[in-house]
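The block underneath contains the structure these notes are about, expressed in C-alpha cells.
A short reminder: the numbers here are calculations on the coordinates, not readings from a lab. Computed from a predicted model, the values in this text were never measured in an experiment. Ideal geometry is used to build each Cβ from the backbone, glycine not excepted, and the neighbour counts take in all protein chains shown.
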Amino acid sequence: MKKLLASVVLAAMVLGLAAGCEDDTDEKAKELTFVNQSAYVVQVIPLTIEWGAFALAPGDRQKLKDIDNPDFRFEPESLVQEGINSEERYVVFVNALPSEGE
C-alpha cells in the first residue's frame, strides 16, 4: 500500500512539474514587446480589440502579455519603420530611411 501511495505521489509531482514548464513556454510565446529606438513618438495601433493602442516615446519599451494576435500598425509611417532586429513578437522601431526624392 505504501509503495502504491508513493508511486501516485511521485507521478503527481512529475506531472505538476511538466505542466509548470509548459505554462512558462506558453506565457513567453504570448509576450509581445515593442522598443522605440527612433527619435519620434510612435503610436502603436492594434488591428484587433485584444489590446489597446499606446504611444512610445523615444527610448521607451512596452511589453504586453497574453496576446494571441500581434497584428498592428504604427504612425508616423513616413518617419519611422521597423528595424532589422524586429521579429513577429519583438518589434523595434527606428528612424525611416529618407526617400530618394528628399
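Would you mind working out the magnitude of the charge dipole of region 31-102 relative to its Cα centre, with +1 at each Lys and Arg C-beta and -1 at each Asp and Glu C-beta, to the nearest 20 Debye?
Roughly 280 debye, rounded to the nearest 20.
Semi-axes of region 31-102's equivalent ellipsoid from the Cα gyration tensor, sqrt of 5 times each eigenvalue, largest first, rounded to whole Å?
Square roots of five times the eigenvalues give 22, 12, 11 Å.
What residue among I84, Q62, L97 has its Cα farthest toward the positive end of the dipole of region 31-102, where the charges are +1 on Lys, Arg and -1 on Asp, Glu, each on the Cβ?
Q62
Assuming R0 = 22 Å, what is the FRET efficiency of T33 and A53, from their Cβ-Cβ distance, to the nearest 0.05?
Here the calculated transfer efficiency is 0.85.
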